[in-house]
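Working notes, beginning with the structure itself.
Please treat every number below as a calculation from the coordinates, not as lab data. Remember, it's a predicted structure, so these values are computed and weren't measured experimentally. Methodologically, a virtual Cβ is constructed for each residue, glycine included, from the backbone with ideal geometry; neighbour enumeration extends over all protein chains shown.
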Amino acid sequence: MRPSLLTRFGALVFVPVLVGLATAPTAHAQEDPTPVAEEVDYAVTASFDKAEYGSGDDFVVTITVANAGDVPIEQAFVTTESVDLDFGEQTWGELSHPGTPLAAGAVVTATATARLINVVESVRLEVNVGIGGDQWDPDDENVDAVLEAPVHQASGTVGGLVYGDRNGNGRSDTGEEMRGIGVTFAGGLPWNEYVVRTGSDGRYLAELPAGAYSVFGPRTDGWLFEEIYDFRVREGDQQLDLGGRRVGQPLIGAAMEFDRNRYAVGDPIRVRITLTNPSSTDVSGLVAWCARAGEPHELRSDGWGDLEYGGPGVLVPADTTREFEVTDTVPAGAHDRGYVAASCGFIVGDDVYNSAEAFAVADVPGGFGDYSGRVLEVRANGNQVPAARVRLMLVHRSGRVVARTRSDAQGGYAFRQAPYNEYRMRVTGPWKLVDPDQAYYVEASGDYPSKDVLIVRGPAEPGVGGGQAAERRPPAASPAAAQTAGTETLAGTGVAVGTPFLAGLLLLTTGGALLCVRPRRRASAD
């Protein structure tokens, strides 16, 4: 019997396989050696700047990290922990995480200041040093530090003058002292709120626990007092004056007007600005603070020369009126609102509380939109109920009636295809508007601030007449539209006014013809 190929070559086939299986684990073990951490030697020291503290003192902490070995440290960083000290937003410089490299023999020192946040008799601060990479210090005796110091409860005296800066010069002058003004200190350790009043000379004096305080004056009509935050009361005497300035009383008068009543987007627009100073003191540094809400249809003061917000401002001498003219461009956003506006406050620096307000507006014909909402009657008990069949008019600022409608049985109303713009509402009949000055906006965004019309019963208000024809988009060309073009649809019925009119006219004509025919028939019969 002849031996098979497997019998002849089997040994040759399996021997290499067994050899490979025997050698493979050895090669794999050599590719994945176990890493070994590198030993380094470093030390940390820390100290307070005082042996004992008052409760209102600053705690100055100094930390030093040294590489005492021969191996460079890849990264070293400091962390601290205390329940009684607050370092705020301060950091440990280059020793803050993720740290800094330390060469052999290198030393790095960092300092930070903390404040006490609790009422305690002593404070404790733990300092730790961490290192990055595969490095470690087998001697952990000097890799951290603990600081402790006694604390005593301290108090201080604060006194000062409260004055009203009537002339706006930023300092107190004779006659500006304010008596009977309450000054509030909120803070300290322990936290509390203290109010102290000024005497006849406008001065106050307060004995307060040490610590950090917020200080502010009263919010009285016509005066705004500066607010001071993080005022530190320490042991001993301290001075703190508090000044107030008038608010809601602009130093000047302001007016603006455009050179035209109607523009298109991109048109140049000239703005005439009139500033009047009725006082006996010159007012300098006046700038125009415009488009404060960032509305896209309003003019900014960019490019207005010295009047530009952030610029040097203009001077208006005492008892003088000055006129300025600036040129701007109608912004693209005016198309979607139907008008362009300049709404500006004329201020000195950042004194927004004494802004002299001025406003100018002109039409920018744009698109058309629908406006709908509800008519609600406000009853004596305060309830609001839908009001049916109330006639409404949408009125342009010029007094022109732009559109008319009437509420349906559920109080709903709708104006169809009214030009983009800002309007006022008017009612007829035995009704009065709760707020006749409420603005209603037809605009591209459709994001109307108010859609409800609130009314109460009252004397019949006269209609708004004498206006020009409504600026309305013609209906789409169609047989039905062609028959009813220019008619007003009764809300909630869908019946056009023109249809009954034509029917009545036809009936009248037919009747007249019959009257003319019948007598002639009688004559012929006779």
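With charges set only on the Cβ (+1 for Lys and Arg, -1 for Asp and Glu), what does the dipole of the range 253-363 come to about its Cα centre, in debye to the nearest 20?
Details: 8 positive and 18 negative charges, 43 e Å.
Dipole of the range 253-363, to the nearest 20 debye: 200 debye.
Divide, for the range 253-363, the radius of gyration over alpha carbons by 2.2 N^0.38 Å, where N is the residue count.
On the way: Rg = 13.8 Å, N = 111, 2.2 N^0.38 = 13.2 Å.
For the range 253-363, the normalised Cα radius of gyration is 1.05.
May I ask for the Rg/Rh ratio of the range 333-451, computed from Cα atoms with Rh as the Kirkwood radius, given to two decimals?
Here Rg/Rh amounts to 1.06.
List the relative contact order of the range 114-207 as a percent without decimals, with contacts defined as Cα pairs under 8 Å and 6+ residues apart.
26
I need the fraction of alpha carbon pairs in the range 155-246 separated by more than 20 Å, rounded to a whole percent.
Looking at the range 155-246, the distances longer than 20 Å represent 31 percent of pairs.
At D58 and Q75, where each label point lies 7 Å from the Cα along Cα→Cβ, what is the point-to-point distance in nanometres?
It works out to 3.0 nm between the two label points.
Which net charge results for the neighbourhood of V60, defined as the other residues with beta-carbon distances under 12 angstrom from its beta-carbon, given Lys and Arg at +1 and Asp and Glu at -1?
On the way: positive: K50, R115; negative: D49, D57, D58.
Neighbourhood net charge equals -1.
Can you list residues whose amide H is under 5 Å from Q135's amide H, if they're 5+ apart or on another chain and H is modeled 1.01 Å from N?
E38
Based on alpha-carbon centroids, what's the gap between the range 186-264 and the range 386-417 in Å, whole number please?
49
Show me, bin by bin at 5 Å from 0, the whole-percent P(r) of the range 126-183 based on Cα pairs.
4, 11, 12, 9, 7, 5, 5, 5, 6, 7, 8, 8, 8, 5, 1
For R406, R416, which order do you get if you count the other beta carbons within 10 Å of each Cβ and list the fewest first?
R416, R406
Compute the whole-percent fraction of alpha carbon pairs in the range 38-152 spaced more than 23 Å apart.
Roughly 31 percent, once rounded to a whole number.
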